[in-house]
Amino acid sequence: MQFFVDNLDLFWDAFLTTLSLSLLAGLLALVLGTLLAALRVSPITPLRALSTFYVETFRNTPLTVVFFFVIFGLPQIDFVIDFFPGSVLAVGLYTAAFVCEAVRSGINAVPAGQAEASRAIGLTFSQSLREVVLPQAFRTVVPPLGNVLIAMVKNTSIAAGFSVSELSSLLPRLVNANAGELMLVLLGVVVCYMVITLPAAFVLSRVERRVAILR
Amino acid sequence: MYAAGPRVAEVTSLAKGEPLVRLTGVNKWFGELHVLQDIDLSIDRGEVVVVIGPSGSGKSTLCRAINRLEAIEQGEITIDGQRLPEEGKELARLRADVGMVFQSFNLFAHKTILENVTLGPVKVRRKPKAEAEQRARELLDRVGVGAQADKYPAQLSGGQQQRVAIARALAMDPKVMLFDEPTSALDPEMINEVLDVMTGLARDGMTMVVVTHEMGFARRAANRVVFMDAGRVVEAADPETFFTRPQSDRAKDFLSKILNH
Ligand SMILES: Nc1ncnc2c1ncn2[C@@H]1O[C@H](COP(=O)(O)OP(=O)(O)OP(=O)(O)O)[C@@H](O)[C@H]1O
Ligand SMILES: [Mg+2]
């Protein structure tokens, strides 16, 4: 116990870093991923192609490579970005591809008649998505989206390799300083991750029940 | 069932002349399948046209081509003199003037009955919400489902849902209404409640294109029956003539099958 009391500040700061990394990257991923899914089903072929290209690129690239690209690649085209915002960008861009796929499967699960009926009363394509298709798609998408977001929280650990003092970065630091306490260090880090993911899973399952739809 | 209400289609009092809907030389293919072949059809204001024909003859496709839910490859379709535009804002505006009622109702599952009816007026016509709701309640009363306004579609019977779908289309003050087999998905005891609403609309002067196998409705409400087979309009006549003295063999054959089952 003394070990945790001694290192409380370290744990707390790292926890906050992982939490804010997750929240910011999650927000970016949800917004961008939904936008990509909308493009993916749009009637305009170049937009569909753009979205497909994005998703296939990021889905098939290891996250570490995306980090390298954002943090060391972008400065080559004069876009220098700090380690923390760079990590938000890398995790957000990467996760957006998975959010897009989840939302797209939700859109496909909405019966075609819903979009037809909305176009038939004169809604434009984007109005029909916003008012009719997406609200129904999100209902079926909550569980897979939950999985994507939990994976994302764990993926933020890659930022440790890019000078961000988040939870996983505690492992080498604390183990070096307290060689005998390896198990305690691991336990502390795991519990901290769970403090983020478990409430998130709980909130999502509540959301899922709230939005459950009658058919 | 059908309560008298404000007239729906003021457009019908306008001068006749140019047909409201005109299809000229319309052709459409699904891959190899030539679903619509050289269709010429004009529908006047206030006219009720019933489209019948065997399964797969292209009735639904014809209906859906009129508001461009299906694009055609050849020919021209005009509504109120205006050619159907390409997909985009302008097409959306034109579709707002064309009501459509589907076989499977297609009410918005996540919205209440009232919201189903107000969505178009608020988002497309930019009506104030209170005004749209008042009008929606009038229309729901008119089709006999006023008491269901705050429920969700899944809580209603099929007949009630289809009447809501009609109210939803009417809320846009359409110039013409398209019905694609509106009673085919209904239990027999609910068919008449929907047909009664449609008959009332026809009496009030609404311009209607109705794909249906309900011969009673056709006799009662139609000005003209259009018989389709294999993508072509084979025959068109007033209901009395069509049902008693069909000209083509295919129409005779079709009628003998549906009238003797
Ligand atoms: N989206 C589509 N893709 C390919 N073929 C289609 C499509 N929609 C319809 N068809 C085919 O086109 C033909 C005409 O279909 P349509 O639905 O217009 O017929 P219908 O007269 O309405 O028949 P029914 O009485 O069964 O509703 C049918 O052979 C059908 O299989
Ligand atoms: Mg059909």
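The values are calculated or read from the model by the stated rules, or taken from the named source; none is laboratory data. All values derive from a computational prediction rather than experimental measurement. Cβ coordinates were reconstructed from backbone atoms using ideal geometry, including for glycine residues, and neighbour counts include every protein chain displayed. Remember, those area values only see protein heavy atoms, side chains included, never the ligands or the DNA or RNA. Shrake-Rupley method; radii C 1.70, N 1.55, O 1.52, S 1.80 Å.
Across region B:104-114, what is the total count of residues that are hydrophobic (A, V, I, L, M, F, W, C) and more than 7 Å from chain A (Cβ to nearest Cβ)?
4
Filter region A:1-44 down to residues that are assigned to a helix (DSSP H, G or I) and within 30 Å of A:ALA109 (Cβ to Cβ), then give me how many there are.
Number satisfying all stated conditions: 19.
Report yes if some residue within region B:77-86 is under 15 Å from A:GLN114 (Cβ atoms) and within 12 Å of chain A (Cβ to nearest Cβ); otherwise report no.
no
Given (1) open to solvent by 50 Å² or more (accessible area, probe 1.4 Å); (2) within 30 Å of B:ILE66 (Cα to Cα); (3) within 14 Å of chain B (Cβ to nearest Cβ), identify the lone condition not met by A:ARG104.
(3)
Taking the conditions exactly as written (touching a residue at least 40 places away in the same chain (Cβ under 8 Å) and either under 16 Å from A:ARG119 (Cα atoms) or of a type in the set (D, E, K, R) (or both)), does B:ALA169 satisfy them or not? Walk me through how you get there before you give the answer.
Values: touching a residue at least 40 places away in the same chain (Cβ under 8 Å): yes; either under 16 Å from A:ARG119 (Cα atoms) or of a type in the set (D, E, K, R) (or both): yes.
Against the criterion (touching a residue at least 40 places away in the same chain (Cβ under 8 Å) and either under 16 Å from A:ARG119 (Cα atoms) or of a type in the set (D, E, K, R) (or both)), B:ALA169 qualifies.
Name the pairs: first residue in region A:134-155 and without any contact (Cβ under 8 Å) to a residue 24 or more places away in the chain, second residue surrounded by 19 or more Cβ atoms within 10 Å (Cβ to Cβ), Cβ to Cβ under 6 Å, at least 6 apart or on different chains?
Matching pairs, first to second residue: A:PRO135/B:HIS110.
Whether any residue in region A:77-85 is part of a helix (DSSP H, G or I), open to solvent by less than 10 Å² (accessible area, probe 1.4 Å) and touching a helix residue (DSSP H, G or I) at 6+ places or on another chain (Cβ under 7 Å) is what I want to check.
Looking for residues that are part of a helix (DSSP H, G or I), open to solvent by less than 10 Å² (accessible area, probe 1.4 Å) and touching a helix residue (DSSP H, G or I) at 6+ places or on another chain (Cβ under 7 Å), one finds none in region A:77-85, hence no.
For A:VAL164, indicate whether it is within 30 Å of A:PHE69 (Cβ to Cβ), in contact with a Leu (Cβ under 6 Å, 6 or more places away or on another chain) and crowded, with 16+ Cβ neighbours inside 10 Å.
No, not satisfied.
Among the candidates B:VAL50, B:VAL101, B:VAL117, B:VAL35, single out the residue that is within 12 Å of chain A (Cβ to nearest Cβ) and within 16 Å of ligand 2 (Cβ to nearest atom).
Just a single option satisfies the conditions, and that option is B:VAL101.
If you check A:THR140 against the conditions, is it of a type in the set (Val, Ile, Thr) and open to solvent by 10 Å² or more (accessible area, probe 1.4 Å)?
yes
Suppose we filter region B:174-188 for residues that are away from ligand 2 (no atom under 16 Å from the Cβ), in contact (Cβ under 8 Å) with a residue 12 or more places away in the chain and more than 11 Å from chain A (Cβ to nearest Cβ); how many remain?
As a first pass, look at region B:174-188 and keep what is away from ligand 2 (no atom under 16 Å from the Cβ): B:174-177, B:187-188.
Subsequent filtering for residues that are in contact (Cβ under 8 Å) with a residue 12 or more places away in the chain retains B:174-177, B:187.
Next, only the ones that are more than 11 Å from chain A (Cβ to nearest Cβ) stay: B:175-176, B:187.
Selection size over region B:174-188: 3.
Kindly indicate which of A:THR57, A:THR64 is closer than 21 Å to A:THR34 by Cα and either open to solvent by 60 Å² or more (accessible area, probe 1.4 Å) or among the β-branched types (Val, Ile, Thr) (or both).
After ruling out the rest, the residue left standing is A:THR57.
Could you tell me which residue of region B:151-173 is farthest from the other protein chains (Cβ to nearest Cβ), considering only residues that are assigned to a loop (DSSP other than H, G, I, E, B) and open to solvent by less than 20 Å² (accessible area, probe 1.4 Å)?
B:LEU156
In region B:120-131, which residues are β-branched (Val, Ile, Thr) and either open to solvent by 80 Å² or more (accessible area, probe 1.4 Å) or more than 9 Å from chain A (Cβ to nearest Cβ) (or both)?
B:VAL122 - this is the single residue of region B:120-131 that is β-branched (Val, Ile, Thr) and either open to solvent by 80 Å² or more (accessible area, probe 1.4 Å) or more than 9 Å from chain A (Cβ to nearest Cβ) (or both).
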